[in-house]
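The structure under discussion appears below in the form of structure tokens.
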Amino acid sequence: MSFPHRAVLAALILFYASGRICLAEGDAKNLPAAPVSEPKAEAPSVAPDSETPTKPDAPAAERAVVLPGHSIHGEAFDEGPRQRAYLMGTAGSTAATGGVHFPITTKDPLAQQFFDQGVGQLHGFWYFEAERSFRQVLKLDAECAMGYWGLAMANINTEKRAKSFVAKAVAKKAGATAREIAWIEALAASHEGKDTIERRRKFIRDLESLVQSDPNDVEAKAILVFQIWKNGSWMTESKKQLPINSHQAVDALLDQILLASPMHPAHHYRIHLWDEEKPSRALVSASLCGQTAPLIAHMWHMPGHTFSKLHRYADAAWQQEASARVDHAHMIRDGVLPDQIHNYAHNNEWLIRDLAHVGRVRDAIDLATNMIDLPRHPKYNTAERSGNSAGYGLKRLVEVLAQYECWPEIVAYHGTPYFEAPATPDEKLKRARLLGLAWFGQGNAAEGQKQLAVADELLKEKRAARYKAADEAETKARNEKKSEADIAKAMADVLASHAAGVRTFEHTMAELQGYAALAAGKPEAARAEFEKLKEIDAVRKDHLARAFSLSGDHAQAETLARAAVEKGPGEVYPLAVLVEVLHRAGKKTEAQAEFSKLRPLAAYADLDVAAIKRLAPIAAEFNWPADWRGSREPAADVGQRPDLASLGPFRWQPTPATSWVVVGADGKAVSLEQYRGKAVVTIFYLGSGCLHCVEQLHKFAALERDYRAAGISIVAISSEPLDSLSASVAKLSAKEPIGFPLAADPELNVFKSYRAYDDFENMPLHGTFLIDAEGMLRWHDIGPEPFSDAKFLLGEAKRLLGRP
């Protein structure tokens, strides 16, 4: 299929070749250069003895006292992006982010361009950057009511903030057109009261009215389609959905959009529409989705849904790798940490699964370890929290290593930061199982038996806990003077509630005992244990098939192996196991037939992993070459794809920290270069009058010796003038000595270069940064509040500095 919009790809390549296209405020021209600084504006004043700054240039109505680093416009503006937006396309084009046009009332033509960019970003679910674009609209035209409408739409996942923004839109609607007022009032009504089915139905009717009043309004139709899909996919507060009654009717509406605008990002919605119904209906949209908005990573990811559902895992992996690379380029370019990006971790964990499906085991392991290595933050990426890079990385790493029998790697990772020490009995059992399989898989029965003993002890503890809970239930029931029947029921209920957990431990014991029996040359005993696992979903059927094959039960092995292939069509590993099982059973003709199916599927598979390496002598027996993998020509229905390397790097990587030189409280220069060769935490604070900043400095001062012992220096840069800084040193040290340098940046040049600055309100922000010995920026926090968890950052710094 030809690429309908070659200009989109050209814009993408030009974008990455020349650096980001930047915009001087008030200038209608885009210049391919570094970000153009805004005309210098006076920063909010921070009196040395006052916690609360005022905004000198704010209107009287807004000249309220606010905390340093906080927006004068209210809490909703504290969060989200606070650095200026830039037009991401070339020569005023928004093709790189969707190429849409949504006309609004504004006195500034640039505001219209940023609004169009923001709407395109909405269609790509790039809500963080959409909000930035809409904030830039308001920076250029503060009276633009639709700018606030855009902010509300960009906060579809945070209703409280959305309500604040839509209220602003309502307050500004007097200067809008009748159609814009209809948009604003429809959105306002959709946020009134609780999120109910009735409220969502009304929003659909209001959007339909907008379509009916102007049948040529492509954006009204696109947003209507999105809302219909959202109602059928996302739960309301009452845990209810509004199902889609006719997918075909919604698809017909999409046809109208794409007939008028063939490269509209509504291709995204067609993929979602058919994802759980008939994914093949979205194949054309899958071939175009990423190309409609090439700078939005999620738009490259979405076709991966379609290809995965159709078991076309190589094509799915390509799409998700494209998404990862575009995300990485954005993060590196704009100073964003990975898990600050919506859907980043989800895309990469899905990519790991698809890499495993096609046998790209080394790449899957590489990406999983990279996810574990990524910077962590208490707000959005911790080992304990699910759905982020740290949690997904470990889960997928273990899955890939176990599936492909990477036994030496499992043993090597044990005891390293990649396999953090298990804390709960369930986690300890999983680790014992994994290590037991690895040791038995390498033929080391002695070490395998040790893990079997660990699992046995954990099972005993689990059973003891079950009976203890039953005893406690009995005691409680007797103290409440219940009847014998009720007492028995209470005990039975508790025992039943623990049953599933106990069975999980018993299944692990059976699995390890089966492999222990195999290692001891007792195939009958092994089969007896493996028989207990045939109906257990937690045990891979292809693993169990191979276990039965090794124990001599070839019929059982074949049955299980074929079931695994049927369950995982298009996957390399189950088919590789089936070939091995058939060959061991002496069914050479059938083995050769299945091997012939495997060859093209395994075009990208790693030949050196155990499950694939075992097939080498079988391939030789069939007179196939040592590299028996087949070739895979790109499918004809995937669209014109750019070179992956042009989109960005495969892995996230830290970026060089900007050099700085400031004047210390003692009047001497302090520079980043002085810290070359050792790590340094650089704190940007808003003066000694900011009580939260003072608290932050003291928390870091209390751990300064621990930081120094870890080879990490600390320096704090203030927004206050040097004379104020000098006067405040004694005050700051009165409670507890500050053992690290304090310096002044009253011109805010360093603040701005590190993005610790609100470009929309011309005010400094709190910022904390970790810079390593090579001058690479490894971690940061920027926001309305200072980062005060000095203990967390110390632990995270030690972890990160131990990584490549």
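The values are calculated or read from the model by the stated rules, or taken from the named source; none is laboratory data. Just so you know, these numbers come straight off a predicted model, no measurement behind them. For neighbour counting, all protein chains shown are included, and Cβ atoms are generated from backbone atoms with ideal geometry for every residue, glycine included. SASA here: full protein model, heavy atoms, side chains in, ligands and nucleic acids out. Shrake-Rupley method; radii C 1.70, N 1.55, O 1.52, S 1.80 Å.
Odds and ends about this structure:
- Amide H contacts under 5 Å for M763, placed H, 5+ residues apart: D758
- Here, the chain yields an orientationally averaged convex hull projection of 40.9 nm² when only Cα atoms define the hull.
- Within the accessible surface of the stretch 223-290, defined with a 1.4 Å probe on protein heavy atoms only, the carbon and sulfur portion equals 54 percent.
- In Å, descending, principal axis extents of the Cα set of the stretch 391-534: 58, 39, 24
- Residues of the chain: accessible area per residue with a 1.4 Å probe, Å²: 42 Å²
- Partner aspartates and glutamates whose Cα lies under 14 Å from the Cα of K172, excluding those fewer than 8 positions away in the same chain, are identified as D141, E143, E180, E185.
- Prolate/oblate/rounded label for the stretch 79-233 (Cα gyration tensor, a/c 1.5): rounded
- Estimated from helical segments only, the mean residue ellipticity of the chain at 222 nm is -17000 deg cm²/dmol, where each DSSP H run of four or more residues counts as -39500 (n - 2.57).
- Gyration tensor (alpha-carbon) shape descriptor, the stretch 523-669, a/c threshold 1.5: prolate
- Three-way shape label, the stretch 447-512, alpha-carbon gyration tensor, a/c 1.5: prolate
- Computed from phi, the 3J(HN,Hα) profile of the stretch 529-536 under the Karplus parametrisation 6.51, -1.76, 1.60 (θ = phi - 60°) reads 6, 5, 4, 5, 10, 4, 9, 9 Hz, with x in place of Gly and Pro.
- Between amide H atoms placed 1.01 Å from N, distances below 5 Å from G359 occur with V572, all of them 5 or more places distant or on a separate chain.
- Karplus (6.51, -1.76, 1.60) ³J(HN,Hα), θ = phi - 60°, over the stretch 557-571, in Hz, Gly and Pro reported as x: 4, 5, 4, 5, 5, 5, 5, 5, 5, 5, 6, x, x, x, 9
- Per-residue ³J(HN,Hα) for the stretch 468-474, Karplus 6.51 cos²θ - 1.76 cosθ + 1.60, θ = phi - 60°, Hz, x for Gly and Pro: 5, 4, 5, 4, 5, 5, 5
- Each principal axis of the Cα cloud of the stretch 77-134 was evaluated for its coordinate range; sorted largest first, these ranges are 29, 26, 18 Å.
- Calculated P(r) tail over 22 Å for the stretch 69-169, as whole % of Cα pairs: 20 percent
- Solvent-accessible area of the stretch 580-692 (1.4 angstrom probe, protein heavy atoms only): carbon and sulfur portion equals 53 percent.
- Built from the Cα atoms of the stretch 716-800, the convex hull projects on average onto 6.5 nm², one quarter of its surface area.
- Value of Rg/Rh across the stretch 645-739 [Cα atoms, Kirkwood radius]: 1.06
- Note on the stretch 104-127 and the stretch 584-658: Cα centroid distance 43 Å, given to the nearest whole angstrom.
- For the stretch 490-590, the equivalent ellipsoid built from the Cα gyration tensor has semi-axes of 29, 17, 9 Å, listed from largest to smallest.
- Under 5 Å from the amide H of S718 lie the amide H atoms of Y685, A743, A744, D745, each residue being 5 or more positions distant or on a separate chain, with H modelled from the backbone and absent for Pro and chain starts.
- Comparing Cα centroids, the stretch 145-221 and the stretch 351-395 end up 37 angstrom apart.
- Alpha-carbon centroid distance for the pair the stretch 690-736 / the stretch 754-800, whole angstrom: 15 Å
- Net charge of the neighbourhood of Y685, taken over other residues with C-beta under 11 Å away and scored Lys/Arg +1, Asp/Glu -1, is -3.
- Above-threshold pairs, the threshold being 20 Å between Cα atoms, out of K430/K532; K230/K278; K107/K160; K309/K532; K678/K752; K428/K613: K107/K160; K309/K532; K678/K752; K428/K613
- Qualifying GluC sites (Glu not before Pro) for the stretch 340-415 [loop in DSSP, other Cβ within 10 Å: at most 12]: E384
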